[in-house]
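The values are calculated or read from the model by the stated rules, or taken from the named source; none is laboratory data. Please read all numbers here as calculations on a predicted model, not as lab measurements. Here the Cβ positions follow ideal geometry from the backbone for every residue, glycine too, while neighbour counts run over all protein chains shown.
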Amino acid sequence: MTHDPASHFRLRVSDVPPPTADLVVVGAGVVGCATAFRAVRAGLRTVVLDARPRPATLTTAAATGAYRLQFDNAEELALVREGVELYEDFASQAGLPGYDIGLRAQGYLFCARDEPAVARQRELVARQRAFGLDDVELLDGDEVRRRFPYVGPSVRGARFRAGDGFIDQVRLAWGYALAASGGPGVDRLAGSAEATFVLGQRAVGLRSVGGRIVAVETHDGAIAAPLVVLATGPFLGRTAALAGIDVPIAPTRRQKVIVADAPEVPADAPMTIDEETGAHWRPALRGAYVLLTERETPPSEPTWSVPTSADFAFRLLDPASTDAVAHVAPFWESVWERGVNWILHAGQYEYTPDHRPFVGATPVDGLWLNGGWSGHGVMGSGGGSRMLLDAITGQATGPGWGLRPDAEGGNPFRLDRPMETGRHDVL
């Protein structure tokens with residue numbers, strides 16, 4: 001049996017909330033754990049609260065496990081680029097010798113099956129290059145099939161970036177948490193603080209005095225703290241409401257078909273996306289994860305148990321479906337014809353009106369947001385959390401960053417920013 005170098009690391013946990021902290025993070029998904037990671041490096045004694053018994057078991061666990069720099073806006077691109085640079089040297093940066101977060105740069109291939117889609121790709125790549133992303137390639141149909149022989153004749157063009165790829169998102173979240181907690185096996189950085197994880201504890205109140213946060217209340221007592229960060233994913237709107245803050249969040253079901261054993265899937269393939277339908281897949285296990293970005297899915301209430309629907313798998317795997325992944329990669333017809341077992345898994349994206357995150361202050365002094373990532377939390381967690389902690393500690397002092405969330409300019413992810421509604425990205 002192969003020894004896992006991560007097995008000797010231990011998370012610092014407590015069954016009861018401590019009475020005080022410099023900063024409380026509510027939520028222990030990948031974004032909450034990243035926030036704690038950045039907070040202890042800023043010297044803040046941190047407590048992380050989560051209602052579930054282990055970190056990264058809700059939205060993070062349901063994610064695709066992938067990252068890309070092919071964004072339609074320069075701001076998110078910069079945050080994700082910063083995060084990827086951290087991930088590439090994660091074990092060293094986190095003080096976790098030998099820790100593997102499963103980073104594999106296998107690329108993202110966005111396939112266009114008609115001329116309007118090819119034109120849209122050309123326009124988007126021009127924008128991305130203007131942002132400084134100069135390694136995105138535009139490929140015609142013949143070149144796509146030469147480099148990726150599994151792609152079918154319906155594809156007329158594609159955009160591809162080899163530096164995009166896959167990551168084990170749960171290992172990443174746990175890596176953040178382990179590094180933040182400074183438990184056994186962790187090489188702590190000189191001068192860094194520590195984080196305590198209090199699991200199975202729901203935040204039931206956010207107490208403020210004179211417009212300033214003073215404590216987080218749980219069923220087993222209050223934690224007095226001058227700083228609180230809400231990182232509760234699809235529950236962000238409900239958690240912020242405890243402080244009387246209106247955060248526009250639309251939790252929306254997203255499903256994943258896990259095809260655990262399909263030898264037809266090329267193990268070295270990139271994330272392969274049909275631009276027309278939003279159907280996409282990536283190699284995983286001995287098969288693939290298969291997904292669909294359903295543009296018309298209505299929002300729902302946040303929940304711990306997101307229902308699945310067998311119809312979703314049929315839509316993606318049955319070649320007769322308009323959303324079938326076989327339209328781009330015909331080998332999926334063989335998978336369907338011979339019969340295959342699959343498992344359905346579901347989580348929720350927490351969409352904001354413009355599908356960009358809320359990272360910054362609220363009208364309650366000392367209460368901050370790190371959420372609304374709209375499906376990009378895994379890839380944006382490293383850069384977004386650094387940006388937030390710079391703001392909290394006064395390193396980012398421009399307009400819009402401080403305790404006046406109504407200020408113009410500065411932070412492009414502030415709560416009160418002007419927002420253009422509608423989808424800005426196929427994924």
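Observations on the structure shown:
- Among the residues listed as Val306, Val290, Val335, the single one being crowded, with 17+ Cβ neighbours inside 10 Å and assigned to a loop (DSSP other than H, G, I, E, B): Val306
- Residue match in region 67-77 (condition: at pLDDT 95 or above, crowded, with 21+ Cβ neighbours inside 10 Å, of a type in the set (S, T, N, Q) and assigned to a helix (DSSP H, G or I)): no
- Residue check, Val340 in contact with a Lys or Arg (Cβ under 6 Å, 6 or more places away or on another chain) and in a loop (DSSP other than H, G, I, E, B): no
- The set of residues from region 237-247 being assigned to a loop (DSSP other than H, G, I, E, B) and out of contact with any strand residue (DSSP E or B) (no Cβ under 9 Å at 6 or more places or on another chain) comprises just one member, Asp246.
- Applying the criterion of at least 1 residues that are in contact (Cβ under 8 Å) with a residue 60 or more places away in the chain and hydroxyl-bearing (Ser, Thr, Tyr) to the strands (runs of 3 or more DSSP E) found wholly in region 116-201 leaves 195-199.
- When region 88-130 is filtered for residues that are of a type in the set (Val, Ile, Thr) and closer than 16 Å to Gly157 by Cβ, the ones remaining, listed by number, are Val118, Val125.
- Here Ala112 does not fit the description of being surrounded by 14 or more Cβ atoms within 10 Å (Cβ to Cβ), of a type in the set (Gly, Ala, Ser) and in the same structural domain as Arg12 (by TED's automatic domain parsing).
- Pairing each residue of region 330-352 that is hydroxyl-bearing (Ser, Thr, Tyr) with any residue that is outside any loop (DSSP other than H, G, I, E, B), provided the two are 6+ apart or on different chains, yields C-beta distances under 6 Å for Tyr349/Thr252; Tyr349/Arg254; Tyr351/Ala250; Tyr351/Thr252.
- Verdict on Glu276 being part of a loop (DSSP other than H, G, I, E, B) and among the charged types (D, E, K, R): yes
- Flag if Val214 is at pLDDT 95 or above, of a type outside the set (Asp, Glu) and outside any strand (DSSP E or B): no
- Residue identified as outside any helix (DSSP H, G or I) and either at pLDDT below 95 or surrounded by 18 or more Cβ atoms within 10 Å (Cβ to Cβ) (or both) among Val31, Val47, Val40: Val47
- Residues of region 304-327 that are under 17 Å from Ala288 (Cα atoms) and in contact with a Phe, Trp or Tyr (Cβ under 9 Å, 6 or more places away or on another chain): Ala313, Leu316, Leu317, Asp318, Pro319, Ala324, Val325, Ala326.
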